[in-house]
Structures are given as structure tokens and as C-alpha cells.
């Protein structure tokens, strides 16, 4: 139990509905055998309500510039949404 009382649920935002479905699915699939151990920990956290997995569209996913190449317009918009500002040199 945390010192400050009850803990808040952690919300994971993901732009892959397939990943969310895999995390919430309790059926065994041999094709995903290599991720079974880590997957088990995530499933346990979901089951106990410690975390929740929420779908977010790529256009609204602020972490996208950190994971793949995007158009300049999308990078600028995402950077502003994260509170990043250009450096004046």
C-alpha cells in the first residue's frame, strides 16, 4: 500500500488495437510464445486493475514521433501538443 493512500490506475495509451486485444486475451497462442512471460505480467496488472489499456488514434498519439517517421506537419503539431518549443539560436 502506498504511503499516500490508494494508488491511481495507470492508463496505457496505444495506437494498436491488435496489441490491446492480445494484452486482454487470456487464450494461449503458440505464435506469441516468445512474449508469454512479459505478457503474463501485463495481463496480471490489467486483471488487478493496476493498469488499463486504452486505444488512441495515431493522430492523437503524442509518442508517435519517438517511434517512427512522420510528416513535418505531424511532428510540429505533436511537438506543440507535448509543450516543446523551438530553440532560438
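The values are calculated or read from the model by the stated rules, or taken from the named source; none is laboratory data. What you see is a predicted model, and the numbers here were worked out from it, not measured in a lab. Cβ: placed from backbone, ideal geometry, glycine included. Neighbour counts: every protein chain shown.
Here are the numbers for the structure shown:
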{"quantity": "Cross-chain or 6+ apart pairs with Cβ under 7 Å, the stretch 40-61 first and on the phi < 0 side of the Ramachandran plot and in a helix (DSSP H, G or I), then surrounded by fewer than 12 Cβ atoms within 10 Å (Cβ to Cβ) and at pLDDT below 90", "calculated": "43/26"}
{"quantity": "Condition check for residue 59: modelled with pLDDT under 85 and either in contact with a helix residue (DSSP H, G or I) (Cβ under 7 Å, 6 or more places away or on another chain) or surrounded by fewer than 12 Cβ atoms within 10 Å (Cβ to Cβ) (or both)", "calculated": "yes"}
{"quantity": "Pairs where the first residue, in the stretch 66-87, is within 20 Å of residue 15 (Cβ to Cβ) and the second is surrounded by fewer than 10 Cβ atoms within 10 Å (Cβ to Cβ) and at pLDDT 85 or above, C-beta under 8 Å, 6+ apart", "calculated": "none"}
